[in-house]
Every structure is written in structure tokens, then in C-alpha cells.
Amino acid sequence: MEFTIVDRGAIFSVILTRQALRIEAKLPLLDVTAEYRRAVAQTLNRVEEARWQRHAELHLDQVREEILARQRAKYGPEWPSSWGGRMTLSILVQRALEVSFRRS
């Protein structure tokens with residue numbers, strides 16, 4: 001299991017700076033709690049997306065080859081010879097990558 005450290009202090013500092021600018025400009029104040037939660041969630045989402053991209057880059061070829069070999073053993077050496085077959089391959093690869101990502 002991998003842990004990600006989010007610099008929550010830096011996020012909070014940026015929000016307080018924005019709040020100070022809004023006060024100075026006589027603009028409506030931010031909901032600091034909501035802004036903080038949104039910023040932390042966005043940061044975590046970006047980290048998770050980067051993990052997914054890295055996982056897909058590392059495992060795509062191997063997973064694709066395994067599925068291709070299995071499907072060709074079942075349907076013949078020309079599989080996938082149609083658009084539907086290529087779409088099926090793509091879906092099977094995506095699902096297998098998602099399962100392996102959840103396990104990692």
C-alpha cells in the first residue's frame with residue numbers, strides 16, 4: 001500500500017491568502033472550510049490519477065498480450081479480425097488493468 005502526503009498546510013495558506021485578497025478588494029468572503037475540502041480532494045484525485053497512469057503504462061503491454069493469447073487460443077490466430085473484436089480486446093484489457101490497479 002502506498003501513502004501520499006498532502007501538504008494541507010500549504011493548501012490552507014493559499015486559501016487564507018486568497019481570503020485576505022478578497023477582504024482587501026471588498027469581495028464576498030470564501031467559505032474557507034468548503035474551499036479547503038475541495039482543494040484537498042482535488043489534490044488527492046490528481047495523485048490517484050497519476051498512480052493510475054503509471055500503473056497502466058507499466059502493465060498495459062503485458063495484460064494485452066495475455067488477453068490476446070487467451071482469446072486467440074479460443075477463437076483462432078486471426079482474432080481480432082473485426083472492429084467488434086478490437087473493441088472487445090480493448091474492454092477486456094481495461095477491465096483487467098482496473099482489477100490489477102485495485103489490488104495494488
Handout entry: Of residues in the stretch 51-104 being of a type in the set (Phe, Trp, Tyr) and assigned to a helix (DSSP H, G or I), the one surrounded by the most Cβ atoms within 10 Å (Cβ to Cβ)
Key = Phe101
Fill in the blank from the handout: Per the filter on the stretch 76-99, residues under 13 Å from Ala56 (Cα atoms) and touching a helix residue (DSSP H, G or I) at 6+ places or on another chain (Cβ under 6 Å) are Val93, Ala96, Leu97
Exercise for the section: Please work out if Leu21 is touching a residue at least 12 places away in the same chain (Cβ under 8 Å) and either in contact with a helix residue (DSSP H, G or I) (Cβ under 7 Å, 6 or more places away or on another chain) or not in a loop (DSSP other than H, G, I, E, B) (or both). Expected result: no
Handout entry: Matching residues, the stretch 9-50, being under 29 Å from Glu98 (Cβ atoms) and open to solvent by 50 Å² or more (accessible area, probe 1.4 Å)
Key = Arg37, Arg38, Gln42, Leu44, Asn45, Arg46, Glu48, Glu49, Ala50
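The values are calculated or read from the model by the stated rules, or taken from the named source; none is laboratory data. Since this is a predicted model, take the numbers as computed values, not measurements. All Cβ positions, even for glycine, are placed from backbone atoms using ideal geometry, and neighbour counts span all protein chains on display. Keep in mind that these areas ignore ligands, DNA and RNA; they rest on the heavy atoms of the full protein, side chains included. Shrake-Rupley method; radii C 1.70, N 1.55, O 1.52, S 1.80 Å.
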